[in-house]
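Okay, so here's the structure we're looking at.
Each reported figure results from applying straightforward, stated rules to the coordinates on display, with no laboratory input. Model, not experiment: these values are computed from the prediction. FYI the Cβ positions are ideal-geometry reconstructions off the backbone, even for glycines, and counts take in every protein chain you see.
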Amino acid sequence: MPSKKIKANTARGISALLKEGKPGQHAAGNGLYLKVSAPGIGSWFFRYKIDGKTRRMGLGRAGIASISNKDPLTLADAGIAALEPRSQLSKGIDPLEHRKELQRKKETANATFDNLAADYIAAHRVGWKNAKHAQQWENTLKTYASPVIGKLSPSSISTAHVLEVLNKQDFWATKPETASRVRNRIELVLDAAKAKGLRDGENPARWRGHLDKLLPRREKVQAVKHHTALPYPELPAFMTLLAVAEDTTAKAMQMTILTACRTSEVLNATWDEIDISSKTWTIPASRMKARKEHRVPLTKAVITLLESLLRVEGNPYIFAGARQGRPLSNMAMLMGLRRMKRGDLTMHGFRSTFRDWAGECTPHPRDVCEQALAHSLGNAVEAAYRRGDLFEKRRALMADWAIYCTSKPANNVVPIQHAKA
């Protein structure tokens, strides 16, 4: 005689089905179902149809109470839990969509710009090229954005709030580059909030077609602000002062200027990147802003400088710092400028000095000058056709630059002919 089928519409039947533990779904009546997953483990769901589609809405755990399954719903509990979605259905409301909307409102109420910014940084940190970038995100948003919008929900942040961030203490006028980055970061965080359903409408931090109607372009602001680059006619005298100093910081500053490289590229340079025989310094892609390997031609002046440096045992860096196995810090160069009474300058500004000199005083082509600065040239199509890195042409340019940098202040005539590297 076949065994009697166990029904899920009584407490005894539910207990028997859970004890048996055979995986399956069992109707308990009025759209209520018990799903058994394993002995003692199950769940309740409400099955309904709306707009011609069958949907399932989870109601909670079923099963036998245990440490891992606390407070499971009984048949009576599940019946009560199904009352509300049944009522919503009778009014034409989709219970699942209603639940999602309530959850969204709850998340919106609890979400703040600071929390969303932290989430954005955490989600993108692995894709950024170094930890410094994430730190810059955290520092700039904490310093400039958080005091104004940090505690606000993303849906409540308006154009007025963004303008308050950018205009506070003349931020946009006095620090346009940093302010522009902060604006972009606010825009990205709010875009992420919209993708999560935490705000609607236009992004109040969007530049094109929005804030560009309310603020001057960054380039226009920079055109009237005091530049931090040293005018190139003053460079030979500056280099003479650096040459007098014998400390590591001064030599790092000299190499930065002579190679026209970024400070981070010089400070993190290691001895194994240098090939004296070919007079080449190869910076790996992982340390370049554009993530592309960059070869730097070494002039006589740079090689002489390198040969004057002592290698520190156990430290791979050319410009070894005070800490074991670490390079010289970026702050060391800034302090070096201050000791020279040139706190108005930045080391990065010397790249502009180089570019001004190369463009105004030499016949070297623009592409060669830009490649020397490791700048991207042209669009993707143009780049595809340009396979080389103009290395030998750059060698001639950097030789001319080295001669100019090390010329006597009173005799700093720009060489017209190409010098031998």
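Results, tabulated for the structure shown:
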quantity	calculated
Value of [θ]222 nm, deg cm²/dmol, for the chain, DSSP H segments ≥ 4, -39500 (n - 2.57) each, nearest 500	-13500 deg cm²/dmol
Those aspartates and glutamates that a straight Cα-Cα span of less than 14 Å connects to K279, excepting residues fewer than 8 apart in one chain	E307, E392
Potential lengthening between T280 and V126 on full extension [0.36 nm per residue; Cα-Cα distance subtracted]	52.3 nm
Members of K300/K393; K132/K300; K142/K194; K100/K129; K175/K341 lying beyond 25 Å, as alpha-carbon distances in this model show	K132/K300; K100/K129
Computed label-point distance, nm, for sites N9 and E234 using a 7 Å Cα→Cβ extension	9.3 nm
Reciprocal of mean inverse Cα separation for the range 83-147 (Kirkwood radius, Å)	14.8 Å
FRET efficiency, 1/(1 + (r/R0)^6) with R0 30 Å, evaluated for C361 and E177 via beta carbons	0.65
Peptides ranked, highest mean first, by Cβ atoms within 10 Å: ranges 307-315, 243-251	243-251, 307-315
Ranking of H161, H133 by count of other Cβ atoms within 10 Å, fewest first	H133, H161
Neighbour-count order for R181, R366, R262, R86, fewest beta carbons within 10 angstrom listed first	R366, R86, R181, R262
Farthest toward positive dipole pole in the range 111-224 [+1 Lys/Arg, -1 Asp/Glu at C-beta], among A145, W128, S155	W128
Modelled FRET efficiency - R0 35 Å, K19 with A109, Cβ distances, 0.05 increments	0.25
Least to most buried among K100, K194 (fewest other Cβ within 10 Å first)	K100, K194
Gained length - I403 relative to L334, 0.36 nm times residue gap less alpha-carbon distance	22.3 nm
Cβ-derived FRET efficiency at R0 56 Å, A322 paired with T54, nearest 0.05	0.20
Listed values (1) 89, 46, 45; (2) 110, 52, 44; (3) 77, 51, 47, entry calculated as Cα extents along the principal axes in Å	(2)
Additional length obtainable on full extension of the chain from E84 to K168, 0.36 nm per residue less Cα span	25.2 nm
In nm, spacing of pseudo-spin labels at N30 and K289 (7 Å Cα→C-beta vector)	6.8 nm
